[in-house]
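Beneath this line is the structure, given in structure tokens, with notes to follow.
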Amino acid sequence: MCIYSVNNLYGRFMRTNIDLDDKLVDMAMKISGVHTKNAVIILALEEYIKHYYRKKILKYREEKIWNGDL
């Protein structure tokens, strides 16, 4: 069981307990170049959110709702 403080979008911290696969966390830290578990979790959450919105924008573009340049 690991305890992490995660900084949310409003600059506040939220303490939570989560079980993580140590091998996955270590691999993510090596790939990303960050040095703490907290930083790799924040990075992963940020990347997940960016990915979600990119997919949403592409969906709008496919439906001809949005015509812009990414």
Net length gained if the chain between residue 19 and residue 39 were fully extended (0.36 nm per residue, minus Cα distance) = 5.6 nm
Among the lysines, which fall within straight-line cross-link reach of residue 59, defined as a Cα-Cα distance under 22 Å, with same-chain neighbours fewer than 8 residues apart omitted?
-> 50
Given a 1.4 Å probe and the protein chains all in place, what does the accessible area of residue 25 round to, in Å² to the nearest 10?
-> 10
Hey, if we sort 49, 31 by accessible area with the 1.4 Å probe, largest down, what's the order?
-> 31, 49
Partners for residue 23 among lysines (Cα-Cα distance below 20 Å; same-chain residues under 8 apart left out) | 37
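The values are calculated or read from the model by the stated rules, or taken from the named source; none is laboratory data. The structure presented is a predicted model; accordingly, all values stated were derived computationally and were not measured. Each accessible area value is taken on the protein alone, full model and side chains, heavy atoms only, with ligands, DNA and RNA left out. Shrake-Rupley method; radii C 1.70, N 1.55, O 1.52, S 1.80 Å.
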